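The structure under discussion appears below in the form of structure tokens.
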Amino acid sequence: MKTVKEAAQWLRERDHFLILTHRRPDGDAVGSTLGLRGILRLSFPNKEIFESEALRRHLRPIALVANDHQ
């Protein structure tokens, strides 16, 4: 991919996204993953997004805190 347009086209042509991070993700990895997931969900609401179980374990406490503040 050479341009943002090409990258956007590539994303539009996919039906599924898999988001991974490195082992024992630090705050930067978790934060960038949350950002990417959010952008993908907003941009492509009908596409499936998958995450690793390890990532979900790290996100669970964040989701619990977010639910407490609703």
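The values are calculated or read from the model by the stated rules, or taken from the named source; none is laboratory data. All values reported here derive from a predicted model rather than from experimental measurement. As a convention, Cβ positions derive from the backbone with ideal geometry for all residues, glycine included, and neighbour counts pool all protein chains shown. Only protein heavy atoms, including side chains, enter the accessible area calculation; ligands, DNA and RNA are left aside. Shrake-Rupley method; radii C 1.70, N 1.55, O 1.52, S 1.80 Å.
If Asn46 passes every condition in (1) polar (S, T, N, Q); (2) modelled with pLDDT under 85; (3) open to solvent by 90 Å² or more (accessible area, probe 1.4 Å) but one, which one does it miss?
(2)
Within segment 49-62, is there a residue that is modelled with pLDDT of 85 or more and not in a loop (DSSP other than H, G, I, E, B)?
Start the filter on segment 49-62 by keeping residues that are modelled with pLDDT of 85 or more, which leaves 49-50.
Those still in the list that are not in a loop (DSSP other than H, G, I, E, B) too: 49-50.
Yes.
Please pick out the residue among Arg37, Arg12 that is modelled with pLDDT of 90 or more and surrounded by 10 or more Cβ atoms within 10 Å (Cβ to Cβ).
Values: Arg37 fails: modelled with pLDDT of 90 or more.
Answer to the check: Arg12.
Return the residues of segment 9-47 that are in a helix (DSSP H, G or I), farther than 24 Å from Arg57 by Cβ and free of Cβ contacts under 8 Å to residues at least 12 places away in the same chain; say none if nothing qualifies.
Restricting attention to segment 9-47, the residues satisfying the condition of being in a helix (DSSP H, G or I) are 9-12, 27-43.
Applying the additional criterion that residues be farther than 24 Å from Arg57 by Cβ yields 9-12, 42-43.
Scanning segment 9-47 gives Gln9, Trp10, Leu42.
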